[in-house]
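The structure under discussion appears below in the form of structure tokens.
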Amino acid sequence: MTAERSRLRVAVVGVGYLGRHHARILADLDGAELVGVVDRNAERAAHVAAAHGTVALPDVAALLGAVDAAVVAVPTEDHVAVASPLVEHGVSVLVEKPMARDLGEADALIEAAETRGVVLAVGHTERYNPAVAAALPLVRDPGFAEVHRLGTFPERSLDIDVVFDLMIHDIDVLLAAIPGEVVGVEAVGVPVLTDRVDIANARLRFASGCIANLTASRISRDRVRKARFFQRDAYLSIDYASQEVERWTLSRGDGPRPAIEGGKLDVARDEPLRVELADFLAAVRDRRAPRVTGADGRRALALAQRVSDAIGEGRRPEPSPAPRVTGR
């Protein structure tokens, strides 16, 4: 096989807010050949294609037989409808989060990928954040975790509420960091600027006893993306945006008082989306599982649905009391 042909032929379906960044990175990524982009907005597709030295293709059918792998970055409601024909034709797929509208769709996509023997990756980008990668091996049986993901109102499609839009990132990280099942979920959410929940808080109780408190907002004045883990004799803080990790530990020496030691860890900064795409292509090339698999995406989706359901229960109005009938 020639060096040119050894490059994986890749396409991006959906080149809106996030998809255009996939196209930008794939156009320059070693081992990848961006053979085309697809978008229902033909003008946008043509613009992105021209910017990255590729072509705009009319539809997903044009990719069949022409690509080895594809990124699906269309609105969530179309994820499985777009990804399924690709998978059925032997194309490995990276689907943006959340991977599907519901668990039934997620299961069908996972089964199809397993049947065809192709790679199915899910775009939980924070797992590829160098700060998260550096911190996760140091998280050991935490008793409490706290996460804040606050952002300004986005200039992009809002086809899902904040739990599936933003909080699901942190749900995925917590599921990777904390062992065991989630045995309790309490949550509250409020629609503020849209008819969907724009700010939400969830309290998760793990079988290990760990409590995790998550807040996600897309209507805040400031941008905050931080996680903190508290465990015996140690504290970890992750700043997703600055890609910084602090670790402090209690050192119990021979002296009368323990010492607190630690500080910032060395983190090799990189663009998480680039790391994610490089891992996806390596998984396709090496026929291995990606860092975030379809099963991981399903697990995050299932817990996000539990949080959403808990919010729905909390927002459901109390039944009106029966009228009292009294005699004179």
Taking Val72 as meeting all but one of (1) more than 27 Å from Gly104 (Cα to Cα); (2) under 26 Å from the mean Cα position of the chain (by Cα); (3) of a type in the set (Val, Ile, Thr), write down the number of the exception.
(1)
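Any residue in the range 218-225 that is closer than 30 Å to Ala69 by Cβ, touching a strand residue (DSSP E or B) at 6+ places or on another chain (Cβ under 7 Å) and not in a helix (DSSP H, G or I)?
There is at least one residue in the range 218-225 that is closer than 30 Å to Ala69 by Cβ, touching a strand residue (DSSP E or B) at 6+ places or on another chain (Cβ under 7 Å) and not in a helix (DSSP H, G or I).
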With the structure loaded, tell me whether Leu236 is of a type in the set (A, V, I, L, M, F, W, C) and closer than 28 Å to Thr76 by Cβ or whether it fails that test.
no
Is at least one residue of the range 43-62 surrounded by fewer than 21 Cβ atoms within 10 Å (Cβ to Cβ), at pLDDT 95 or above and under 25 Å from Phe164 (Cβ atoms)?
yes
Considering only residues that are closer than 18 Å to Pro75 by Cα, more than 24 Å from the chain's Cα centre (by Cα) and not in a loop (DSSP other than H, G, I, E, B), which ones fall in the range 1-42?
Ala42
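Looking at the structure I just gave you, is Ile199 under 27 Å from His79 (Cβ atoms), modelled with pLDDT of 95 or more and in contact with a Ser or Thr (Cβ under 6 Å, 6 or more places away or on another chain)?
So Ile199 passes the test.
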Of Ala176, Ala81, Ala108, Ala113, which residue is assigned by TED's automatic domain parsing to the domain that holds Leu18, under 14 Å from Thr293 (Cβ atoms) and either among the hydrophobic types (A, V, I, L, M, F, W, C) or surrounded by 23 or more Cβ atoms within 10 Å (Cβ to Cβ) (or both)?
Ala113
Suppose we filter the range 62-91 for residues that are in contact with a Pro (Cβ under 9 Å, 6 or more places away or on another chain) and more than 14 Å from Val37 (Cα to Cα); how many remain?
3
So, Gly184, is that one small (Gly, Ala, Ser), within 23 Å of Tyr235 (Cβ to Cβ) and surrounded by fewer than 16 Cβ atoms within 10 Å (Cβ to Cβ) or not?
no
Residues being under 30 Å from Ile25 (Cβ atoms) and touching a strand residue (DSSP E or B) at 6+ places or on another chain (Cβ under 8 Å): count how many of those fall in the range 255-270.
3
Can you tell me which condition Val37 does not meet? The list is (1) out of contact with any Leu (no Cβ under 9 Å at 6 or more places or on another chain); (2) closer than 20 Å to Leu120 by Cα; (3) free of Cβ contacts under 8 Å to residues at least 40 places away in the same chain; (4) surrounded by 15 or more Cβ atoms within 10 Å (Cβ to Cβ), and all the others hold.
(1)
Starting from residues that are of a type outside the set (Lys, Arg) and surrounded by 17 or more Cβ atoms within 10 Å (Cβ to Cβ), keep the ones in the range 220-233 and report whichever is farthest from Pro154 (Cα to Cα).
Gln231
Within the range 160-170, does at least one residue satisfy the condition of being in contact with a helix residue (DSSP H, G or I) (Cβ under 8 Å, 6 or more places away or on another chain), surrounded by 14 or more Cβ atoms within 10 Å (Cβ to Cβ) and more than 29 Å from Ala135 (Cα to Cα)?
yes
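Going by the structure shown, is Glu186 farther than 21 Å from Thr76 by Cα and assigned by TED's automatic domain parsing to the domain that holds His21?
So Glu186 does not fit the description; no.
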Condition check: at positive phi and either at pLDDT 95 or above or surrounded by fewer than 14 Cβ atoms within 10 Å (Cβ to Cβ) (or both). Does Gly123 satisfy that?
no
Just to be sure, is Asp172 part of a helix (DSSP H, G or I) and under 18 Å from the mean Cα position of the chain (by Cα)?
yes
Restricting attention to the range 294-315, report how many residues are farther than 23 Å from Asp198 by Cβ and charged (D, E, K, R).
3
Of the residues in the range 188-217, those that are over 18 Å from the mean Cα position of the chain (by Cα), in a loop (DSSP other than H, G, I, E, B) and not β-branched (Val, Ile, Thr) number 8
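The values are calculated or read from the model by the stated rules, or taken from the named source; none is laboratory data. Since this is a predicted model, take the numbers as computed values, not measurements. Positions of Cβ are backbone-derived with ideal geometry, glycine not excepted, and every protein chain shown enters the neighbour counts.
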